Amino acid sequence: FRIAVFASGSGSNFQAIVDAVQAGKLDVEVGLLVCDKPSAKVVERAEAAGVETFAFRPKEFVSKAAYEAEIVERLERKQIDLVVLAGYMRIVSDTLLKPYEGRIINIHPSLLPSFPGLDAIGQALAHGVKMTGVTVHFVDGGMDTGPIIAQRAVEVAEGDTADSLAASIHHVEHVLYPYVIGAIASGKAALGDDGRRVLWS
Ligand code: GRF
């Protein structure tokens with residue numbers, strides 16, 4: 001079972017996935033990193049881990065469809081089974097979504113459907129919620145709207161700042177994401193026939 005990770009930034013989730021694989025806790029191959037910011041730290045992490053990388057500048061393509069077509073070609077060449085979005089800061093459009101329907105997952109730092117979109121942690125703090133969390137979901141055409149696979153709650157502590165809450169959330173993400181990827185790879189978690197509900201066995 002081969003996965004591609006898509007990331008735009010630091011890549012601590014990419015690292016957690018690679019570490020789980022190397023520790024023998026996650027039985028998949030990380031076949032490709034796709035990154036839309038060649039200067040991002042995640043590119044260095046991939047290099048250190050020996051993971052093939054496609055780092056591109058969206059501006060150097062005539063359109064989103066053009067770079068997504070290039071991505072699809074690379075995914076197919078590597079026979080990627082599952083696309084794992086981990087801090088990939090771009091909406092995936094039909095060029096990529098259609099050929100990989102039901103085979104793209106994302107991790108989001110809130111308990112969806114609360115606080116979709118950008119800065120979910122800031123949104124949670126601004127709202128004053130006492131409990132937030134992490135959601136892993138299948139990706140559809142919307143913004144953080146796809147079928148939910150797993151969620152974990154994270155308490156907002158008194159005096160939490162954006163940084164401290166982000167740290168608590170990352171901690172949970174780094175355990176949850178490798179776990180969910182393993183569950184999909186082994187068939188333990190799968191999209192139901194209605195295409196909406198995720199069934200666990
Ligand atoms: C994570 O908090 C994830 O939930 C969100 O983007 C962040 C990526 O962090 N989608 P990192 O690059 O994996 O450190």
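Read-outs: derived from the displayed coordinates by stated rules, not from any lab. Everything quoted here is computed from the prediction, not taken from an experiment. Every residue, glycine as well, gets a Cβ built from its backbone with ideal geometry; the counts of neighbours run over all protein chains shown.
Okay, here's what the table says:
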| read-out | value |
| --- | --- |
| Alpha-carbon centroid distance for the pair the stretch 12-38 / the stretch 125-201, whole angstrom | 18 |
| Order by protection proxy (mean Cβ within 10 Å, highest first), peptides 56-64, 131-139 | 131-139, 56-64 |
| Virtual spin-label span in nm between E44 and E60, 7 Å along Cα→Cβ | 2.1 |
| Karplus 3J(HN,Hα) series, Hz, for the stretch 28-43 with 6.51 cos²θ - 1.76 cosθ + 1.60 (x for Gly, Pro) | 9, 10, 8, x, 7, 10, 10, 9, 8, 9, x, 8, 5, 4, 4, 5 |
| Packing rank of 18-25, 30-37, where each peptide gets the mean count of other beta carbons within 10 Å, highest leading | 30-37, 18-25 |
| Burial ranking of peptide ranges 107-114, 186-193 (average Cβ count within 10 Å, highest at the top) | 107-114, 186-193 |
| Set K98/K188; K41/K64; K37/K98; K64/K188; K41/K78 screened for pairs whose C-alpha atoms are more than 32 Å apart | K64/K188 |
| Charge dipole (the chain, unit charges on Cβ, about Cα centre) - positive-most of A23, V134, I121 | A23 |
